[in-house]
1. Looking at Phe245, Phe274, Phe260, which one is modelled with pLDDT under 95 and in contact with a strand residue (DSSP E or B) (Cβ under 8 Å, 6 or more places away or on another chain)?
2. As an exercise: evaluate Val401 against (1) assigned to a loop (DSSP other than H, G, I, E, B); (2) crowded, with 17+ Cβ neighbours inside 10 Å; (3) in contact (Cβ under 8 Å) with a residue 60 or more places away in the chain and give the number of the one condition it does not meet.
3. Taking only pairs six or more apart or across chains, which ones have beta-carbon atoms under 7 Å, a first residue in the range 378-389 that is in contact (Cβ under 8 Å) with a residue 40 or more places away in the chain, and a second residue that is near the ligand (Cβ under 6 Å from one of its atoms) and assigned to a loop (DSSP other than H, G, I, E, B)?
4. Can you name the residue in the range 187-202 that is of a type outside the set (Asp, Glu) and within 11 Å of the ligand (Cβ to nearest atom) and, of all such residues, is surrounded by the fewest Cβ atoms within 10 Å (Cβ to Cβ)?
5. Within the range 375-391, can one find any residue that is crowded, with 19+ Cβ neighbours inside 10 Å, more than 15 Å from the chain's Cα centre (by Cα) and part of a helix (DSSP H, G or I)?
6. Based on what the data block shows, is Thr308 at positive phi and either more than 13 Å from the ligand (Cβ to nearest atom) or at pLDDT below 95 (or both)?
7. Of everything in the range 10-62 that's more than 13 Å from the ligand (Cβ to nearest atom) and within 14 Å of Leu203 (Cα to Cα), which residue is surrounded by the fewest Cβ atoms within 10 Å (Cβ to Cβ)?
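The values are calculated or read from the model by the stated rules, or taken from the named source; none is laboratory data. Here the structure is a predicted model, which is why all the values come from computation and not from measurement. We place every Cβ from the backbone using ideal geometry, glycine too, and count neighbours over all the protein chains shown.
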Amino acid sequence: MRVIVIGAGAIGLNCAYALERAGAEVTILDAAGVGAGASRRNAGWVVPTMSGPVPAPGIVLQSLRWMARRDSPLRIRPRLNAEFAGFMFQMLRNCNARQFEAGLSATLALNERTFELFDALAADGVPFESHRRGLYLLFQSEQKLKHHAEELETLARLGWDSSTVLDAQALRAAVPQASDEVVGGIDCPGERFIEPNSFVDGLAGVLAQRGVKICTQAKVSGVERGADGQVKAVIAGERWPADAFVVAAGAASGRVSSMFRGRVRIQPGKGYGFDLPNPAASFAKALYLAEGKVALTPFDDRVRLSGTMEFGTDESINEVRADGILATTRTYLSGWPAPGSTENSRAWSGQRPMTPDGLPVIGPLPGQPNVVVATGHAMLGITLSPVTGQLVSAMVLDRRVPPEAAAFRVDR
Ligand SMILES: Cc1cc2nc3c(=O)[nH]c(=O)nc-3n(C[C@H](O)[C@H](O)[C@H](O)COP(=O)(O)OP(=O)(O)OC[C@H]3O[C@@H](n4cnc5c(N)ncnc54)[C@H](O)[C@@H]3O)c2cc1C
């Protein structure tokens, strides 16, 4: 079977990988290049313990408090656009305990195979930088620490019991750089992280070796249907015929799906990051600066800081908000350089594909069994990329929706 995958991010590459392994003849079309979207610009965490959807109970009040600060971790820029307003309204409606727990449990079920699938990629010869050093969560508020520990108890009830609460003394012994403002933390020793560039380049390299054609600067702009109404080809400069199509275009997936007459609600959720090539401090594990929502990832050659969520904006960089990441880091870690100092490099930005209920969209377009969508992975697109590839491969080649994918269908 000939399959066209639209998008060469972590999701598209993993879909192509699973499809090729299952015997399909795969071509990837990307408007820009491999990993040109969010898939190079993220923290690289592989974190089943963070399976909770973004719309969560309590987030509305917290968001209102944040709206007043120009450097806060969240910004919603209101836009006079019905699609955007409808999206935000739905997202607010999903900020309740029932939806959150249902989303958490469905996502956790997908994540059951995540580590095993990353190991399988490595064993199969995909070269990428991977760390099994785990993660410390740092808190400045006793109340937030208690609340998060309770959330982890929910995970333990769902069978994911891998974290320990640390008091201030134990936390400082583990993370000597922690500032006096840090009151405690949580140790998640089982979590992992990968280096995103090596991950997408590693996958693309192996795919190319196995005969998968990866066409960059190939923006899909339309589709062609046969007399039976089924999609027969996409247009990206030239005509690309195939038997099945996978839409994995990240934050642009709503637009691309509409070319296939599908309705998939996606809005970009912009994040910022900094890469610090020569950090003064070294870190045993990745760190999550909890209230500030900043991720610190110690790769082999640099430390990456990332965070913030902006809705309703383009890819441009708002220096004040990006610098908020550096300013926040200084309140958690002693001796951290100030924003604007020479030790800090320039900010980059990445667009997370967000959905109103915070869950990915993985499934055939209604009434179009040969078009499968795989997007909306929000903050978990790296974590969930291998399992998404497996699900999509079953949907495309066997025309089967695995039971664990039911919660992620397009028309939910
Ligand atoms: C700051 C930040 C930190 C993050 N940290 C983590 C983390 O620690 N762990 C984690 O699991 N996730 C994390 N994420 C989320 C993760 O990066 C995304 O969920 C993931 O990269 C999405 O992958 P994707 O393949 O769906 O989209 P993308 O990587 O955005 O790829 C989409 C591709 O589609 C292409 N495209 C778009 N339109 C077209 C078209 N018309 N024709 C052809 N091609 C097209 C684009 O060029 C792009 O290459 C983070 C994200 C950000 C921004």
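1. Details: Phe245 fails: modelled with pLDDT under 95; Phe260 fails: modelled with pLDDT under 95.
Exactly one of Phe245, Phe274, Phe260 is modelled with pLDDT under 95 and in contact with a strand residue (DSSP E or B) (Cβ under 8 Å, 6 or more places away or on another chain), namely Phe274.
2. That leaves (3) as the condition not met.
3. Ile382/Asn42; Ile382/Gly44; Leu384/His377
4. Arg192
5. Yes, the range 375-391 contains a residue that is crowded, with 19+ Cβ neighbours inside 10 Å, more than 15 Å from the chain's Cα centre (by Cα) and part of a helix (DSSP H, G or I).
6. Working: at positive phi: yes; either more than 13 Å from the ligand (Cβ to nearest atom) or at pLDDT below 95 (or both): yes.
Against the criterion (at positive phi and either more than 13 Å from the ligand (Cβ to nearest atom) or at pLDDT below 95 (or both)), Thr308 qualifies.
7. Step by step, filter the range 10-62, then rank; the result is Arg21.
For every residue, the table says whether it meets (1) part of a helix (DSSP H, G or I); (2) within 16 Å of the ligand (Cβ to nearest atom); (3) out of contact with any Leu (no Cβ under 6 Å at 6 or more places or on another chain); (4) free of Cβ contacts under 8 Å to residues at least 12 places away in the same chain.
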site	(1), (2), (3), (4)
Pro337	no, no, yes, no
Pro353	no, yes, yes, no
Ser393	yes, yes, no, no
Ala407	yes, no, yes, no
